[in-house]
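Here the structure comes first, spelled out in structure tokens, and everything after it is commentary.
The values are calculated or read from the model by the stated rules, or taken from the named source; none is laboratory data. Keep in mind it's a predicted model, so treat the numbers as computed, not measured. Backbone-built Cβ (ideal geometry, glycine too); neighbour counts: all protein chains shown. Ligands, DNA and RNA are excluded from the accessible area calculation, which covers all protein heavy atoms including side chains. Shrake-Rupley method; radii C 1.70, N 1.55, O 1.52, S 1.80 Å.
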Amino acid sequence: MSLTELLLIAVGLSMDAFAVSIGKGLSVTKTQLIHYLKVGLWFGGFQALMPLIGYLLGYSFAEAVADFDHWIAFGLLAIIGGNMIRESIDKSEEEEGNADFGTRSMLLLAIATSIDALAAGVSFAFLSTSLLQSVVIIGVTTFIFSVIGLKIGNVFGNRYKKKAEFVGGAILIIIGLKILVEHITQNL
């Protein structure tokens, strides 16, 4: 997997954390450095940890599924991306911001926003990519997007949340398609 593809996956995976950070920014009257550090470290840390766990799970059965691993990678990324797009066009009422930056609240949000990274990590076990590089890039990218999301939410409001989720989902689906097409064309 190229660095560009890895960066695009990192951006796609960070969009849930970005959207939640926007919501956090909406709920805080005045953001402080500690708010930025909390969203960045919680979300970036879990987005880095989950692909590692997913990779270890996927690696344990990678040999057994080597003949169709590209379909698994595509399927996981398409499901994650499709779910993000579905959530972005959901017409239900927007969530209210939650000003709680406590450990319990942030832990639950960090887990919830990084489940898709766990599934992406499973697909990494079937691809030729550096695990350490992937984990670092995903974590740092999510840290940056979370900090930016908090600021955007605090300054601009809810305007970009749904668009960010849609773009993130589309990126993941496109990367999944690229993996599938490359594998199919290599075997022709």
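A few remarks follow.
- Candidates Leu52, Leu33, Leu177: whichever shows maximal mean-square fluctuation once the chain is modelled as a Gaussian network with Cα springs under 10 Å: Leu33
- Two-site FRET efficiency, Tyr59 against Asp100, from Cβ-Cβ distance with R₀ of 30 Å, rounded to 0.05: 0.25
- Two-site label geometry, Ile184 and Val155: point separation in nm, points 7 Å out along Cα→Cβ: 4.3 nm
- Extension gain for the segment Asp90 to Ile115, taken as residue separation times 0.36 nm less the Cα-Cα distance, is 7.0 nm to one decimal.
- Between the stretch 125-188 and the stretch 5-62, the alpha-carbon centres lie 10 Å apart.
- If the segment from Glu5 to Val136 were pulled out straight at 0.36 nm per residue, it would be longer than the present Cα-Cα gap by 45.7 nm.
- Spin-label model, Leu108/Ile144: points 7 Å from Cα along the beta carbon direction are separated by 3.1 nm.
- Taking every protein chain into account, the accessible area of the stretch 1-145 amounts to 49 square angstrom per residue (probe 1.4 Å).
- Apportionment of accessible area to carbon and sulfur, the chain, percent (1.4 Å): 67 percent
- Computed helical MRE - 222 nm, the chain, DSSP H runs ≥ 4 contributing -39500 (n - 2.57), nearest 500: -27500 deg cm²/dmol
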